Amino acid sequence: MNKTLVFIVIISCFAFGFCLKLDSIFPEHFPSTSYNFTNNPLDSSVIQLGRTLFYDPLLSKDGTISCASCHSAYNGFAHTDHDLSHGINDSIGTRNAPALFNLAWQSSFMWDGASNHLDVQALAPLNHAGEMGETTLNVIDKLNNSEVYKMLFAKAFNTNKATAPLMLKALAQFQLTLISSNSKYDKVMTSEMEFTEMENKGYQLFKKQCNSCHTEPLFSSYQFANNGLPMDSSLMDYGKGAITLISEDSMTFKIPSLRNLSYTYPYMHDGRFKKLNEVINHYTNGIEATEHLSEELKTPIKLSSNQKVELIAFLKTLNDNSFIFNPDNKYPKEILNQ
């Protein structure tokens with residue numbers, strides 16, 4: 001985040017008295033954030049409200065699905081029990097739920113980039129018939145009929161009346177605090193640890209073969225790419241192309257971060273790969289040469305068996321156990337079990 005914006009946000013926080021200092025939670029070795037905090041400065045009470053909303057199945061039509069149903073804290077806020085996400089009435093979606101972390105550095109959301117702002121992204125799953133199956137108006141009515149939420153909204157926003165904009169701001173704030181920046185890789189970058197010989201060899205391979213799309217230190221450029229996956233004939237998912245209707249966007253999907261890969265399997269937008277070696281094998285001998293294949297992949301990647309092992313050794317240094325097991329991100333039983 002640039003220093004001017006940090007200063008503006010901190011001054012506004014002093015005026016209202018509840019906000020968090022952004023420079024105290026964002027890692028120094030990360031680039032500037034994309035999210036503009038001026039209109040939604042982080043506040044501990046708002047974050048707590050957002051955390052409660054995130055875990056509450058009240059947001060779904062039949063009270064069975066919460067945001068956390070598809071975005072489990074123990075899986076890097078992705079899910080591992082099935083390839084495609086499930087919604088109310090056990091409906092099966094068309095994509096694997098993406099991991100949620102380091103969202104402050106992203107300016108588009110979902111695999112196809114259908115949402116361009118975190119403050120409104122939650123409207124999509126909430127109103128989707130096959131996901132949470134609810135309407136925004138019904139959710140707000142339920143929140144306003146809850147004594148617990150009246151208390152939480154009053155504490156967060158000085159009003160006990162829930163509104164859609166306030167609900168969305170709270171959900172965004174909780175998600176903005178999901179920061180993964182304490183892996184072994186991060187500790188090497190800050191000179192607290194050193195790579196093993198195998199990890200370092202894998203790191204050199206990564207910088208040569210992978211870094212253009214999975215850019216350090218976030219391990220994604222968060223752009224969109226066609227990575228040569230053959231089309232799933234049952235899903236027929238054209239990715240961003242179905243949103244923009246531009247031929248060059250056909251079968252392009254948002255590039256995911258490589259952080260926490262040990263927790264966020266299965267991989268790809270449709271969860272077709274369950275193991276890292278399957279992913280690597282795709283890039284070495286499984287790429288389908290389509291018209292709009294990303295430039296970086298038009299030259300085949302060649303890796304020996306030993307190099308594949310070394311690359312995986314490095315990728316495992318991106319696991320952030322302190323993030324995965326952070327109690328501040330977990331189910332707020334002290335509130336929802338009342």
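The values are calculated or read from the model by the stated rules, or taken from the named source; none is laboratory data. These figures come from a predicted structure and were not determined experimentally. Here the Cβ positions follow ideal geometry from the backbone for every residue, glycine too, while neighbour counts run over all protein chains shown.
Some observations on this one:
- Note on region 152-232: enclosed helices (runs of 4 or more DSSP H) holding 2 or more residues that are exposed (fewer than 15 other Cβ atoms within 10 Å of the Cβ) and free of Cβ contacts under 8 Å to residues at least 40 places away in the same chain are 197-209.
- Among the residues of region 81-105, just one is surrounded by fewer than 17 Cβ atoms within 10 Å (Cβ to Cβ) and farther than 15 Å from GLY130 by Cβ, namely ASP81.
- Region 42-64 - residue that is hydroxyl-bearing (Ser, Thr, Tyr) and part of a loop (DSSP other than H, G, I, E, B) and, of those, farthest from SER146 (Cα to Cα): THR64
- Only one of LEU293, LEU303, LEU315, LEU311 that is at pLDDT 95 or above and either surrounded by fewer than 18 Cβ atoms within 10 Å (Cβ to Cβ) or in a loop (DSSP other than H, G, I, E, B) (or both): LEU303
For (1) in contact with a helix residue (DSSP H, G or I) (Cβ under 8 Å, 6 or more places away or on another chain); (2) of a type in the set (S, T, N, Q), each residue gets a yes or a no:
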position: THR159; (1), (2): yes, yes
position: LYS169; (1), (2): yes, no
position: GLN173; (1), (2): yes, yes
position: LEU176; (1), (2): yes, no
position: ASN182; (1), (2): yes, yes
position: GLU192; (1), (2): no, no
position: GLU199; (1), (2): yes, no
position: GLY202; (1), (2): yes, no
position: PHE206; (1), (2): yes, no
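Here's the yes/no breakdown for (1) under 22 Å from TYR35 (Cβ atoms); (2) of a type in the set (A, V, I, L, M); (3) touching a Lys or Arg at 6+ places or on another chain (Cβ under 6 Å):
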position	(1), (2), (3)
SER85	no, no, no
ILE88	no, yes, yes
ALA97	yes, yes, no
LEU100	yes, yes, no
MET110	yes, yes, no
GLY113	yes, no, yes
GLN121	yes, no, no
ALA124	yes, yes, no
